[in-house]
1. Most mobile of P84, P46, P189 per a Gaussian network model of the chain (Cα springs, under 10 Å)?
2. Once the piece of chain linking S232 and V8 is laid out straight, how much longer is it, given 0.36 nm per residue of separation minus the C-alpha distance between them?
3. What figure in square angstrom, to the nearest 10, would you give for the accessible area of D222 with a 1.4 Å probe?
4. Hey, if we sort I34, I174, I111 by accessible area with the 1.4 Å probe, largest down, what's the order?
5. Pull out a ≥ b ≥ c, the square roots of the eigenvalues of the alpha-carbon gyration tensor of segment 132-238, then state rounded if a/c is under 1.5, prolate if not and a/b is larger than b/c, and oblate in the remaining case.
6. Keeping all protein chains in position, work out how much accessible area F136 exposes to a 1.4 Å probe, and write it in Å² to the nearest 10.
7. Rank S127, S232, S72 by mean-square fluctuation in a GNM of the chain with C-alpha springs under 10 angstrom and give only the top-ranked residue.
8. Please calculate the 1.4 Å probe accessible area of T115, with all protein chains present, and give it to the nearest 10 Å².
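The values are calculated or read from the model by the stated rules, or taken from the named source; none is laboratory data. Treat the numbers as computed from the prediction; the structure is a model and nothing was measured. Surface accessibility is based on the protein's heavy atoms, side chains included, excluding ligands, DNA and RNA. Shrake-Rupley method; radii C 1.70, N 1.55, O 1.52, S 1.80 Å.
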Amino acid sequence: MGELSTLVLTIALFLGGVVSGFSGFAFSAVSGVILLHFLEPLVAIPLMMCCSIASQISSLVVIRQFVQWRESAPLLIGGAGGIPIALYVLTLTNAHVFRILVGIFLAIYAIYMLTKPACGIFRQAASPVIHTLVGFAGGLVGGLTAMPGALPIVWCDLRGVSKEHQRGEVQPFILIMQAFAIILLVCTPGTLSADLLPVLPLAIPAVVAGTLVGILLWGKIDDAKFRYSVLSMLLIAGLILIR
């Protein structure tokens, strides 16, 4: 890897860390746009997974008092069922059309909700069964798009929860889902490139530094601005999936 590529890689991972530290998700949406132009998918995708895990761990250490393990548990149960199905579907068909449909949904939802005040229209519908279904859908979408947190984020927005509650509920889900995906990759021969290991010592510090900057920014905004920022991130993620 040349000096220019190394610099671009570091900047991409740092910016992904800032966005993830600030919003709690969207690391791959930001860094992937750049990384996939400089690295082969066999290296870029596992690298983004590893770095996203590092970012989520860094965030959870800082915001550990807000973690909602009880509410995350149904999401995790559902997600654990969704990811293997998504990976199986990937072996049968091209997921490009599915990614476009998810991108259209996220973009339309974000644009619509950016024009509406937070109202928590499903505040009373937060039962464990519905949480499990949302987790299943999140795992399914995550396995096909590398964005497991997108639908749980939408669900939190529909319930009108605080920024602390949203981070504490969704981030454990993203962390466990991506760790689960990495384990599945490790157990599948030929899916991990030997070129990944030399990149990690450079990548992880850049991601952690960016994540800490993002968390500092997150701590300085109120719920309304955080909601606007998250919806903007959903819009960007949707447009990236559509492209």
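1. P189
2. Values: separation 224, 0.36 × 224 = 80.64 nm, distance 2.41 nm.
Result: 78.2 nm gained on full extension.
3. That residue has around 80 Å² of solvent-accessible surface.
4. Reading off the accessible areas and sorting them downward yields I111, I34, I174.
5. Here segment 132-238 falls in the oblate category.
6. Surface accessible to solvent at F136 totals approximately 80 Å².
7. Top of the fluctuation ranking is S127.
8. 100
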